[in-house]
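Here's the structure we're looking at; comments come further down.
The values are calculated or read from the model by the stated rules, or taken from the named source; none is laboratory data. Computed from a prediction, not measured in an experiment: that's the story for all the values here. Please note: Cβ atoms are built from the backbone with ideal geometry, for glycine as well, and neighbour counts cover all protein chains shown.
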Amino acid sequence: MIRGTERKNHALRRIAAIALLLILATALTLTVVTGVYYSNFTKDSYTASARNFSVALNDTLKNTDLSEYIAKDSVEEDDNVLYYNAVREYLRGLCDLAGAKYTYLFNTVNENDMRFIMTIASDDEEDKKVKQERRLGVVVTIPENDRSNIKRASEGEFIGPQPVNNQYGNVLIYYFPIYYDDEIVCVAGIDYDVSAVSRTAVRNVVGIVLVVTVVLIAVLGVLLLVLRKKVFEPIKSISVQMNSFDPEGEQERLSIRSYHEINEISSSFNKLTDDIIGYISNLKVMTEERAHTAAELGIARSIQTGMVPRESRLSGEGYEVYACAKPAKEVGGDFYSIFEMNGEVFLVIADVSGKGVAAALFMSMAMNMIKGKLRSGLSPADALNSANDELCAENPEGMFVTVFAAVLDPHTGQLIFANAGHTRPLISGSEGKRFLEPAPGIALGLFEDADIINEKMDLSEGQCLTAYTDGITEAVSGGREFFGEQRLLEAAQSGSAEDTAEAIVGAVSRFSKGCEQSDDITLLTLRFNFEGELYRETLPCQMSSLGIMRDKLLELAADSPKKRKIALACEEIIVNIIEYSGSESIGVTLARKGQTLAVCLEDSGKAFDPLSEQPGEKDFEDYDTGGMGIRMVMQIAESVRYIRVSGKNVITMLFGLNDK
Amino acid sequence: MTILKEINGSSAVLKPEGWVDTQNADELKAAIEGLDKSITELTIDMEKLEYISSAGLRLIVAAHKQMNGALTIKNVSIEIMDVFKMTGFDKRLNIK
């Protein structure tokens, strides 16, 4: 609203001003029209009167021979005078009757001068005066503008009216010829005094115009009053109502009784008011809901960032792990987890389908489930299969999650991993870079029989495993290209875990510079930093291999007082494999680091977990059939683990080399 | 592996030297099973025994049965004693 000193352009004032101008114009026009009409009318009636007068005058003078007077300069003192005076008196009567002010007879001496024969005024005083001043024989100069009129009249024309304002007043002059014996003898002039008539005319015109103007102004006034009352005041009150409109407060309803259109506006405004109040209350509800949703999203995000830190490091003897997460704008469902338990390093990286709160909640559920199962001692594949069963059972939203889970034995570099439909990880090291080719598996939460399997690889010293989510490979550049696996392979380094990760993340962010990150980016690198003696060999599955392994073992543990006991434990296991597995070969890994020796034996024979068949206490007499081996292994080794992976039985034993 | 054998009437002494493992346990087995039926008491002298695995332990059990319990183990090193303890042999064998 414009307020203050600014000049307001009120419609009512504007209309009044325009209407007044129109009225004035009308009055002016009326004045002109009536004035012209009045003037024409007056002239016409004088002309008619003058014509009658000319007929009457000629009629009167038709028997009067004026020629003798015309020739004379004055009237002599004889009966001519009497006759002259009698004619004059008679003509004066006619003049009076015709309402003329002056009547005069004259003829032209030459073009410039006229000679009076007789002059009569209707007024007595004036008549005495002109009788002298314009008596017979007086010659005066014809005014220049009159000369042609007088000439034409002397030639037989009826001339007039000719308005003149001279010493004889405001007059209309007519000239016409006087005949005697059908001959023009002189010219007669008649002056009608129109001063009074003009005054009357002016008075009348002014009167009419005044009356009309006053009536018009009165009508205008009434109209303006009606307009004000029925149009402008209602509009003003609508405007006031609009100004004071407060959607929060009590709203008074407009009740205006006016013309249809104004009532329409009023009821439209009432409807608008109702609508706005309705919309605003809707909007309030919606805004509250939105704020609520935003708060929920914030909570979801803080849950996510609380569960999935932006950056994590984990390191210990033989390994280092670095993980980083760059969440997209919207809450996504990437997560990772890295932890160490019982000397082993666990890695989980996952990507939940979808975004938002649902994805975050599903993520948190899946993450806790998988972590819990790994912590309870399940192998990666068993943990994923078990989690899949639960996720399928409680998944009304039909969400799913791809997972890569792995466990590293940092004593041997043995990596057991399981893949549930996740992107394939990358292996980089001094021997080159390649993608790990895990069984593709299937995302968890989709089918009850996911049948995720364990797989195994032995990391060599300095090798690095990089697991990531598809936010890396599907990062988009300005040219709408995907980052892809090839660029990922090129970006990978074989430095520390953090350097390797940063090299990839840096390459991705340079690639997609200026583009909004559309998906979470999560990356996890594991480096096997073995600093010790490592022996890896594949031996034939026959008894001679026992000696080969034992020799190597005794060499590695030469300084240990427990070396024979360790050899005993290893013999028990390897003999078991040689005698019962049916495998063709035995994979042997011996890894000494400090005062720890790790021994890993694997065979591709039938599945057999010696730990599950641990015999109970036997009678001494029955020991001749065996059953002591595993019992001794369990007592000699600090830990023994068995896992069936990729069709292989893998037994890993850890020994302390110091005597207890 | 060398096994010294000493017969004295109805008693015999076997003295295995070095390592008894799965690969060579059969030698000890043959030595025990090859004893004459007149031998009713057996002593295994472990003075020179450095190592014994479950294959050897099984033979000890078998010998214990064969002698109807008249089996004596002597000169057991601490390390081999540990192996006996692991299996509970120390409680059942006559160890001198």
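Each residue in the range A:584-598 was checked for being assigned to a strand (DSSP E or B), under 12 Å from A:E533 (Cα atoms) and of a type outside the set (S, T, N, Q), and 6 pass.
From the list B:V61, B:V20, the lone residue that is in contact with a Gly (Cβ under 8 Å, 6 or more places away or on another chain) and either more than 11 Å from every other protein chain (Cβ to nearest Cβ) or buried (at least 16 other Cβ atoms within 10 Å of the Cβ) (or both) is B:V20.
Exactly one residue among A:V308, A:V345, A:V321 is closer than 27 Å to A:I521 by Cα, touching a Pro at 6+ places or on another chain (Cβ under 7 Å) and of a type in the set (A, V, I, L, M, F, W, C), and that residue is A:V345. Each residue in the range A:427-454 was checked for being part of a strand (DSSP E or B), touching a helix residue (DSSP H, G or I) at 6+ places or on another chain (Cβ under 9 Å) and buried (at least 20 other Cβ atoms within 10 Å of the Cβ), and 3 pass.
Can you name the residue in the range B:30-58 that is crowded, with 17+ Cβ neighbours inside 10 Å and of a type in the set (D, E, K, R) and is also nearest to the other protein chains (Cβ to nearest Cβ) among such residues? Filtering first and then ranking leaves B:R58.
Table: residues versus (1) within 14 Å of another protein chain (Cβ to nearest Cβ); (2) of a type outside the set (K, R).
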position	(1), (2)
A:E531	no, yes
A:M543	yes, yes
A:K552	no, no
A:A567	yes, yes
A:V575	yes, yes
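Residues that are of a type in the set (D, E) number at least 1 in the following strands (runs of 3 or more DSSP E) confined to the range A:88-173: A:113-121. Taken over the range A:234-245, residues that are part of a helix (DSSP H, G or I), over 10 Å from A:S258 (Cα atoms) and not aliphatic (A, V, I, L, M) amount to 5.
For A:V357, state whether it is part of a helix (DSSP H, G or I) and not hydroxyl-bearing (S, T, Y). Against the criterion (part of a helix (DSSP H, G or I) and not hydroxyl-bearing (S, T, Y)), A:V357 qualifies. Of all the numbered requirements in (1) out of contact with any strand residue (DSSP E or B) (no Cβ under 6 Å at 6 or more places or on another chain); (2) modelled with pLDDT of 85 or more; (3) of a type outside the set (G, A, S); (4) surrounded by 13 or more Cβ atoms within 10 Å (Cβ to Cβ), A:V32 misses one, and that requirement is (4). Of all the numbered requirements in (1) assigned to a strand (DSSP E or B); (2) in contact with a helix residue (DSSP H, G or I) (Cβ under 9 Å, 6 or more places away or on another chain), A:L553 misses one, and that requirement is (1). When we screen A:N385, A:N454 for residues that are farther than 18 Å from A:E485 by Cα, out of contact with any Phe, Trp or Tyr (no Cβ under 8 Å at 6 or more places or on another chain), of a type outside the set (G, A, S) and assigned by TED's automatic domain parsing to the domain that holds A:E317, the only hit is A:N385.
Of all the listed residues (A:V650, A:V640), the sole one being assigned to a strand (DSSP E or B), among the β-branched types (V, I, T), closer than 19 Å to A:A381 by Cβ and modelled with pLDDT of 85 or more is A:V650. Is it the case that A:G316 is surrounded by fewer than 24 Cβ atoms within 10 Å (Cβ to Cβ), touching a residue at least 24 places away in the same chain (Cβ under 8 Å) and of a type outside the set (V, I, T)? Taking the combined requirement at face value, the residue satisfies it. Taking the range B:80-91 as the range and being surrounded by fewer than 18 Cβ atoms within 10 Å (Cβ to Cβ) and facing another protein chain (nearest Cβ under 10 Å) as the test, the residues that pass are B:K85, B:G88, B:K91.
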